[in-house]
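One structure is given below, encoded as structure tokens.
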Amino acid sequence: MSDVGTAVTLRSDDDGAPSPTRHKRPWFLSLARGYARRAIARRFDGLFVDGLAEAARLVGQRPVLFCVNHVSWWDPFVLILLDEALGADSYALMDDVNLARLPFFRAVGALPIAVEGGAVARRQLDDAVRTLDRPERALWIFPQGRQRAAHLRPLGFKQGVRLIAARAQKAGAVIVPVALAFPWRQAPAPSVVVRFGAPVDPADTGGDELTAHVEARVAAMLDDIDAAIDRAGGDRSARGPGQALVAPRVENAEHGLGARLLGRLLTGPR
């Protein structure tokens, strides 16, 4: 969901069809990034990302289809910050019912997908894949099609992964599995943890096996996130897995006015 390529000026493709990028507004995306960063800093104990450098390198080389599990209402705001960190011009599929209710998401790169499927959904998939026409372009999808707690198994990925991958393969796009979790780290609020997996070439794993393969990769990374949090135990000062895009609260807690007053009350005057 980046402003790379000044997507606002793209109104139609070479064949005259309306461009799927036409609703994106870089100025609005910039505002959304600021809002997302502030909101996540207030509500969560940090945003940690593992595998970011490799994912960003890949985005610079070819178009990427990111397949991420869907946990909560906060997921789109996490994606907005990931897009900025990746240096990508990203788009994301969003069910048409919610997109009609929240049309401002179009301005940050949301594209509609019909919840009932059928011919309309297939046309929308074709439109979405047209965004993957160059390096630095990325398309995010939630293969579950609904919110589901990260610890529940199976994750329940639908065959949209296979359908989109078959279309994206012609553009040279690669699939990157992404795990998203909101674990608690002995803090007043959960953290946001993201892990990018190794790329999957649709040409190497095709057909019905592709969806199962991507789902298994995401599930394994979610298990790895849980294991990393468990190893940290009760040490809240331990950094989350990966790079911190939004600093954890503990880094600032010792220096805040409230913390200083509480310390004075507990220890008495010196």
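Numerical summary
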| quantity | calculated |
| --- | --- |
| Segment residue 152-residue 43, extension gain: residue separation times 0.36 nm, minus the distance between their alpha carbons | 36.9 nm |
| Prolate/oblate/rounded label for region 62-145 (Cα gyration tensor, a/c 1.5) | oblate |
| Potential extension, residue 119-residue 22 segment - 0.36 nm per residue separation minus Cα distance | 32.7 nm |
| 208, 75, 201 arranged by Cβ crowding within 10 Å, fewest neighbours leading | 208, 201, 75 |
| Distant-in-sequence amide H partners of residue 92 (H built 1.01 Å from N, under 5 Å) | 110, 111, 140 |
| Amide H partners (placed H, <5 Å) of residue 50, local residues excluded | 194, 195, 196, 243 |
| Between region 121-149 and region 17-43, the alpha-carbon center distance in angstrom | 17 Å |
| FRET E, pair residue 100, residue 230, Förster distance 41 Å, beta-carbon r, rounded to 0.05 | 0.50 |
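Here, each number is a calculation from the coordinates, and none is a lab measurement. These figures come from a predicted structure and were not determined experimentally. Every residue, glycine as well, gets a Cβ built from its backbone with ideal geometry; the counts of neighbours run over all protein chains shown.
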